[in-house]
Amino acid sequence: MSQSHRIPGKGLIDRQRPVRFTFDGKSFEGFAGDTLASALLANGERLIARSFKYHRPRGVMTAGSEDPSALVEVLEGDQQTPNVRATVQELYGGLRAQSQNRWPSLRHDLLAVNDLMAPFFSAGFYYKTFMWPRAFWEKLYEPAIRRAAGLGSLSGKHDEARYEKAFAFCDVLVIGAGPAGLMAALTAGRAGAEVILAEEDSRLGGRLLGIQPALDDRPAMDWIAQVLEELRALPNVRLMPRTTVTGAYDGGTYGALERVGLHLADPGDLPRECFWRIATRRAILCAGALERPIAHPDNDRPGVMMASGVRSYANRHGVNPGRVVLFSNNDSGLETARALTASGIEVVAYVDPRDIPVTEDFPVYARAQVVGTSGRLGLKSVQIAHRGGTSHVAARTLGLAGGWNPSVHLTCHLNGRPRWSEDLAAFVPGDGAVPGLSVAGAARGVFSTAACLADGVRVARAVLADLDLSAPDVAVPAAEDAPYAISPLWAVDAGGRAWLDFANDVTTKDVILAAQEGFQSVEHMKRYTTQGMAPDQGKNSNVGALAVLADATGQGIAQTGTTTFRPPFVPVSIAALGAGARGHGFAPRRLLTSDARSRAMGAPMIEAGLWYRPSYYPRDGEIGWRAACDREVRTVRTCVGVTEVGTLGKIDVQGPDAGQFLDLLYTNMMSTLKPGRVRYGLMLREDGHVMDDGTCARLGPDHFLITTTTAAAGLVMRHMDFVHQAFCANLNVRFISATEAWAQFAIAGPRARAVLDSLCDLPDLPFMGCTDLRIGGVPGRIFRISFSGEKGYELAVPTRYGAALFDRLLDAAEAIGGCAYGMEALNVLRIEKGFITHAEIHGRVSADDVGMGRMVSAKKDCIGKAASQRPGFTEPGRAQLVGLVPCDLGDSLSAGAHLYNEGAPATRENHQGYVTSVGPSPTLGHWLGLGFVVNGRARIGEVIRLDDGLRDKKVPVRITDPVFFDPEGGRMRG
Amino acid sequence: MRIACPCCGTRDRREFTYSGAAVLLDRPAPGADDGAWDDYLHLRDNPAGPTRDLWYHDPCGTWLEVSRNTVTHAITASRAIAGGDA
């Protein structure tokens, strides 16, 4: 029968809106307002899951996100989300869910054999078993354990759904919209503070929704509606339902996970989840309290729940639990029994270890305990031990009321520890554990409805005073104010396994075993038994477990202490945390102005930092990079090539003291540079190593433009800002990054001039000269510099003209037999000339190591000057830049290979150097390499061995001068 | 974590780049001996408590000296190294 377990006329569900869904392929009906858990319960389905280790049948245990057992997979298209709590998943039309961690089916799970083998799977079993034979561990045991471990499974497909991240700012963040939170938000809202009220549930009201007490003699839902109406009307109050505050961080920052689209059949454009970072001046934690179970034998069957969960499902979802037994050690449990009975639910036994009066409207077993249950796939009967003996009571639901744990978790996120309260038999927040966070209501250990309402107002008033805001009058509705009396009962001492941690299948026997084996500290017990290490972070098992441990070690609970809590309070999907960063969203892509043209020409693009640069430009018939690269190098050396070099950092430096400032940054003199001239320069780090190399162009008496290597542009800018602000803030100089402002192209080769003459009025520029010019009607700059070693120019125009200029340059070049060239050819050309890049200046070389010792001017100080002269840098034995040529001209070389003397084994002691750059040179007809060799400059001509351990390649090479081609530089100077 | 930039106001930590201890501001004078340079470059205290850091605000290019407590993470002061207070 459909929805066989509904109570007519009860619940906040909308019976006018039935909702169909499937679970394990079977179709069911629920109502709008149901969760998956409440709908399944209403349909009489109690078996929901199989437990982690023993594959025991499990069901719904709670009515909240703390549920340790009711974890299912939700299917969406061909995707699936594992480990979804059925108690949180809102029902929507067409929802498809399935159980997990069982094979072949939920009712018949073969892995339940683990339960029979339970004595072998006690705490720490993997430290004592699967040890022999050793070889079997990697091949057999570990793979088998891995396959068996875990709960849900992934689809294996990329998650292409939308997620978002967002930021919010406020004066007061109220965490939780139960009685304390609603009053706090009302108080702060009326005072005019910017308030965010975040509530995990889909509806606001907290515990009031499950209990529905009378407030001011009115139904609770009426009072809640009135408060929400006022809060919604306040422009300074923002309500955020379905939003769990997941963590407290430094500086009043809180993380929160909002379930935006997970409850909708068709979310449309909405993201599934949004992860919020909320920066607030003050926060009030009104997260309430969670009921804990009592550990008794077989307390984990489907149908065993928290008493408050039974009540919540009845009041909020109209679910009839059938015959109910309640096992409670406190007055709250007794009150629940009374309330259930008053709503027409059949309470067949109330079991309490205390000596309480027996005069109730339901059978009371005082000074009694539950000592067992039966019903493997669903509770059938409860075994009660009392003064008269043992009774078996037939029941469908067993509600456990072991007391209440204030939800202190967020107060521990910054290394605070909670305080044990003997009166409440619970942990309460330690004071001031999180700066700016106050705690109100049940989260603080205040349990009656009246006390929670008043506490919300009181704490909010104190917070407002802190913020210098005047607190308004807030009337607190009248409500029940019953005292909370509890007599702790952590575990029933009877035969059989009693569960503490349902999520990780940890029993009282495991905790006692841990203590026996010497793991007596609560931190050790936790890791040895895995209690509290499941995604529920031990929300309903921590206190019970440490009570059992305290008993086993003979220490009190206060002395045993507790482990801490860390964010997140509930599991957060990686997709939500990293929203927007999938695929190309991970990092910005920086594109050259010639990018579209290069791609259209079929150039493969490679990443240089965040930039994309063309690797080579393949022509018809050319397979692979080598053919194109050889052709491009030859064309540059014999005709002309064009490439875009605008990725290099450009920094515009101006002011009367600009030259003096640059003298401090560069090793060589820049203040002596004449306007219209360019000089190559080195910058050192303060520890004497080379930081970057580049060109410095003087455009006018007070105007310089310097370049940096592509990947170091930001680093150099930061460095320049530091030197200026720290050491010479009084200098009259200003500088700014101009990298994106100018598109820049290299036109290189003997016929470079011809290309440029066809496009502009090119003046006669000396080598290393620069000037402004106009090209195609736009202002530009031209620099006669060369990274190829051929006669070359670099032409800069404002970026918006770059694409058009590249087209013109390329057309002009191709018309006379030239071509575009990419990074591969660029690299070969510069290696042929011995020009270094950051492959050589990799952060551990000095100026002298790369043969530029004379560039460190003796006439002035510069950053890094002093450290570059320390003994370790000047003594012999340093690895120096050299060229490398294979002895057999047909051999290729590997970058990253190491160098050893001929005949010497490849050991650390014999290490002579390493190879930094290599390339096949069509100009010379063989491979070339650059690298560093100990005392390299004194060993020109020597033959050593290149040893590439990765590719098992050994190549004899000769040490040469690093400049292989045109050492006098006549080609570029002409 | 948020840091107050004198130019831009209090901004999220992600806008800043950390650069080390504020002792980097006390550059040895030219001619100082190797020991002084070695201390300046390589020797650092590692306090559990107040420390002074150098942070760079990437959007505006301002370098800051930030007084921070390594135990509580509280930031007590923040000033531009070129002079002026946050």
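Take each residue of peptide A:681-691, count the partner chain Cβ atoms within 10 Å of its Cβ, and average: the result is 1.
Taking every alpha-carbon pair in the range B:1-79 and binning the separations at 10 Å intervals from zero gives 17, 44, 28, 10, 0 percent.
Please sort A:772-778, A:697-703 by packing, taking for each peptide the average over its residues of neighbouring beta carbons within 10 angstrom, highest first.
Top to bottom by mean Cβ count within 10 Å: A:697-703, A:772-778.
Ignoring GluC sites (Glu not before Pro) that are buried or in helix or strand per DSSP, and keeping those with at most 13 other beta carbon atoms within 10 Å, what is the longest stretch of chain A between them? Free of exposed loop sites, the longest segment is A:161-421.
Axis of helix A:713-727 versus longest Cα principal axis of chain A: the two differ by about 90°, to the nearest ten degrees. Taking every C-alpha pair closer than 8 Å and separated by at least 6 residues, the mean separation divided by the residue count of the range A:497-642 gives a relative contact order of 13 percent. Angle of helix A:307-317 to the longest C-alpha principal axis of chain A, folded into 0 to 90 degrees and rounded to 10: 80°. In summary, the range A:728-835 shows an alpha-carbon radius of gyration equal to 1.17 times the 2.2 N^0.38 Å reference for compact globular proteins. Loop-located trypsin sites (Lys or Arg not before Pro) in chain B (DSSP state other than H, G, I, E, B) with a sparse environment of at most 14 neighbouring Cβ atoms within 10 Å: B:ARG44. Taking a straight Cα-Cα cut-off under 15 Å and skipping sequence neighbours fewer than 8 places away in the same chain, the aspartates and glutamates within cross-link reach of A:LYS865 are A:ASP663, A:GLU686, A:ASP687, A:ASP692, A:ASP848, A:ASP849, B:ASP33, B:ASP34, B:ASP38. Across all Cα atoms of the range A:629-779, the radius of gyration (one decimal) and Dmax (whole number) stand at 16.9, 53 Å. Shielding of peptide B:36-48 by partners, expressed as the average count of other chain Cβ atoms within 10 Å per residue Cβ, is 2. Taking only alpha carbon atoms, the protein assembly as shown gives an Rg to Rh ratio of 1.08, where Rh is the Kirkwood radius. Restricting the range A:66-171 to chymotrypsin sites (Phe, Trp or Tyr not before Pro) that sit in a DSSP loop and have at most 16 other Cβ atoms within 10 Å of their own Cβ leaves A:PHE130. Inter-chain Cβ neighbour count for A:240-253, averaged per residue, equals 2 (cutoff 10 Å, partner chain atoms only). Gyration tensor analysis over the Cα atoms of the range A:1-138 returns equivalent ellipsoid semi-axes of 36, 15, 13 Å (largest first, whole Å). Partner lysines whose Cα lies under 28 Å from the Cα of A:LYS539, excluding those fewer than 8 positions away in the same chain, are identified as A:LYS53, A:LYS165, A:LYS380, A:LYS509, A:LYS526. Across the range A:215-314, the fraction of Cα-Cα pairs farther apart than 17 Å, rounded to a whole number, is 73%. Under the criterion of Cα pairs below 8 Å and six or more residues apart, the relative contact order for the range A:244-392 equals 15 percent. Straight-distance candidates among the aspartates and glutamates for linking to A:LYS10, with alpha-carbon spacing under 18 Å and chain neighbours fewer than 8 residues away dropped: A:GLU29, A:ASP34, A:ASP222, A:GLU346.
Relative contact order, whole percent, for chain A stands at 9, derived from Cα pairs under 8 Å and 6 or more residues apart.
Sparse packing (at most 12 other Cβ atoms within 10 Å of the Cβ) combined with a DSSP loop state is found for the following trypsin sites (Lys or Arg not before Pro) in the range A:798-904: A:ARG844, A:LYS859.
Principal-axis analysis of the Cα atoms of chain A puts helix A:220-233 at an angle of about 30° to the longest axis.
Throughout, read-outs are computed from the coordinates displayed, never taken from laboratory work. The shown structure was predicted, so the numbers you read here are calculated from the model rather than taken from an experiment. Backbone-built Cβ (ideal geometry, glycine too); neighbour counts: all protein chains shown.
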